[in-house]
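Every read-out reported here was derived from the displayed coordinates using simple, explicitly stated rules and does not represent laboratory data. Since this is a predicted model, take the numbers as computed values, not measurements. All Cβ positions, even for glycine, are placed from backbone atoms using ideal geometry, and neighbour counts span all protein chains on display.
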Amino acid sequence: MIKKIAIIGAGQMGNGIAHVCSLTGFEVTLSDVSDAQLNKASTTIDQNLGRQVNKGIIKAADKDAALRRIKMVVGLDELKSADLVIEAASENEAVKKEIYGKLKGVLKPEAIICTNTSSISITRLAAATDRPERFMGMHFMNPVPLMELVELVRGIATDEATYRAIHELTIKLGKTPATAEDFPAFIVNRILLPMINEAIYALYEGVGTVQNIDTAMKLGAHHPMGPLELADFIGLDTCHAIMQVLYEGLADSKYRPCPLLAKYVEAGWLGRKTGKGFYNYAGPTPVPTR
């Protein structure tokens, strides 16, 4: 039975997963490589729980209890008692495999490892662990506290007991599980990211401005966010990484990352998290950068 959950990576996804798990009643250990990132995550979780209190979704006592259930740690040594580890590091296969190598000898034999990867092969990642049969994908959507879906992805070695345990956990967390096969980018990003990439091509080719492309999709397709605004929210580095996985994994030129997307990533214009992407977020209202 899963009682203690450890999350590796205290960024946007990791702190959201910690928020949801602790609010549901699980003991959570949130691990990262620096105190600075953990402090930032702690502030974000506190603010997001506060918003839920203000909206009447939870009580102030629920917020306080959830915060008490989260332990922040630097490194991986304190993950020994975890029943489940959810790796939520950056969308970089080498980084993820390095983490799995460091977990060998730390986790108890029966612990399950899940990855929050949004695109990388589960089978390939599982092979880098010491327990491929107890490894699978658990892809939360961003922002985690608000989005209802979790994609569940089995690798070729994932056993049925592991899948059942994670399926049950997903429902306990108040999320809806959707099972996806282990193909590049799974379901959501297989469909969503090429749409975003195409919107970037439309900008690159001068079909429309940033503002007009986003307005067209919000008002013409009833999307809550325009594709370029959404790209900034996701992170342009993550968008580029997912498109690269699709391009290499499916060997189809239709998935080629737009050169303009690559250029923005090279410039360090990664979207909201760096203050600049397709929009500049320095002022009170985002302003298009093209």
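Points to keep in mind about this one:
- Sequence ranges 151-160, 112-121, ranked by mean other-Cβ count within 10 angstrom, highest first: 112-121, 151-160
- 0 to 90° range, to nearest 10: angle between helix 93-103 axis and the chain longest Cα axis: 10
- About the centre of its Cα atoms, the chain shows a dipole size close to 580 debye [charges on the beta carbon of Lys, Arg (+1) and Asp, Glu (-1) only; nearest 20 debye].
- Listed by chain and number, the lysines whose C-alpha is less than 17 Å from the C-alpha of K63, apart from same-chain residues fewer than 8 away, are K55, K71.
- Cut-off under 5 Å, modelled amide H: who pairs with K71 long-range: V28, T29, L30
- Zone residues, segment 1-43, relative to E133, backbone N less than 20 Å from point 7 Å out along Cα-to-Cβ: 1-2
- Crossing angle, helix 160-172 versus the chain [Cα axis fit, 0-90 degrees, rounded to tens]: 70
- In summary, the lysines within cross-link reach of K276, defined as a Cα separation below 16 angstrom excluding same-chain residues under 8 places away, comprise K263.
- Here each label is just a point 7 Å from Cα along the line to Cβ, and for A178 and M1 those points are 3.2 nm apart.
- Those residues of segment 110-129 whose amide nitrogen sits under 20 Å from the label point placed on K71, 7 Å along Cα→Cβ: 110-114
- Computed 3J(HN,Hα) for segment 16-25, one whole-Hz value per residue from the Karplus formula 6.51 cos²θ - 1.76 cosθ + 1.60 where θ = phi - 60°, is x, 5, 4, 3, 5, 5, 5, 5, 7, x, glycine and proline marked x.
- Each peptide in 35-43, 268-276 receives the mean, over its residues, of other Cβ atoms within 10 Å, and ordering these scores from highest gives 268-276, 35-43.
- For the chain, the relative contact order is 13 percent, taking Cα pairs closer than 8 Å that sit 6 or more residues apart in sequence and dividing their mean separation by the residue count.
- Distance from the alpha carbon centroid of segment 163-219 to that of segment 25-88 works out to 26 angstrom.
- Amide hydrogen proximity for L149: with H placed 1.01 Å from N in the peptide plane, the residues at 5 or more positions away or on another chain lying under 5 Å are M141, T176.
- The angle between the Cα long axis of helix 188-204 and the longest principal axis of the Cα atoms of the chain comes to about 30 degrees, rounded to the nearest 10.
- In this structure, A251 and Y204 have a Cβ-Cβ separation that, at R0 = 25 Å, corresponds to a calculated FRET efficiency of about 0.65.
- When both bridge partners sit in the chain, DSSP labels roughly 25% of those beta bridges antiparallel.
- Proxy reagent accessibility, fewest Cβ within 10 Å first, across M141, M217, M195: M195, M141, M217
- Scalar couplings 3J(HN,Hα) for segment 145-158, obtained by applying the Karplus form with A = 6.51, B = -1.76, C = 1.60 to θ = phi - 60°, are x, 9, 7, 7, 9, 10, 7, 10, 10, 8, x, 5, 9, 4 Hz; x denotes Gly and Pro.
- Close amide H contacts of Y279 (hydrogens built in the peptide plane, cut-off under 5 Å, sequence separation of 5 or more or a different chain): T289.
- Taking each DSSP H run with n ≥ 4 as -39500 (n - 2.57) and averaging over every residue of the chain yields -14000 deg cm²/dmol at 222 nm.
- Cα→Cβ-extended label distance, 7 Å offset, between D35 and A161, nm: 4.1
- Qualifying aspartates and glutamates (Cα of each under 13 Å from Cα of K80; at least 8 residues distant if same chain): E110
- Label-zone membership for segment 160-174, site E110, 7 angstrom Cα→C-beta point, backbone N under 15 Å: 161-162, 165-166
- FRET efficiency estimate (nearest 0.05) - Cβ-Cβ, T43 to N280, R0 25 angstrom: 0.60
- Here the Karplus relation 6.51 cos²θ - 1.76 cosθ + 1.60, evaluated at θ = phi - 60°, turns the backbone of segment 174-186 into coupling constants of x, 9, 9, x, 10, 7, 10, 7, 7, 10, x, 6, 6 Hz, with x for every Gly and Pro.
- Distance between the modelled labels on R290 and E93, one decimal in nanometres: 2.8 nm (7 Å Cα→Cβ projection).
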